[in-house]
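Have a look at the structure below before the remarks.
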């Protein structure tokens, strides 16, 4: 029933929530977790990425939060200092 809470009005799970669910399920295997974390960064929007970082820190630990931040640096919408584009 918990999965029902993650489904939007049109019946689709939000991308961020989907990846959080997958990351929880594969957290037992570091190799799979790294692979799924890369996918999560690639598939989430720039506006979702701060929430993904926060979630990683809370649920996976600082190591994976830093890893996700590193993956985000390679994405075109990586966080920029001072709003420079």
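Computed values, structure above
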| quantity | calculated |
| --- | --- |
| Nitroxide proxy distance, nm - points 7 Å out along Cα→Cβ at residue 26 and residue 66 | 2.2 nm |
| Semi-axis lengths (Å, descending) of the ellipsoid that matches the C-alpha gyration tensor of region 14-76 | 16, 12, 11 |
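Readers should treat all values here as calculations from the given coordinates under stated rules, not as data from a laboratory. Please read these numbers as outputs of a predicted model, since none were measured by experiment. Every residue, glycine among them, receives a Cβ derived from its backbone with ideal geometry; neighbour counts consider all protein chains shown.
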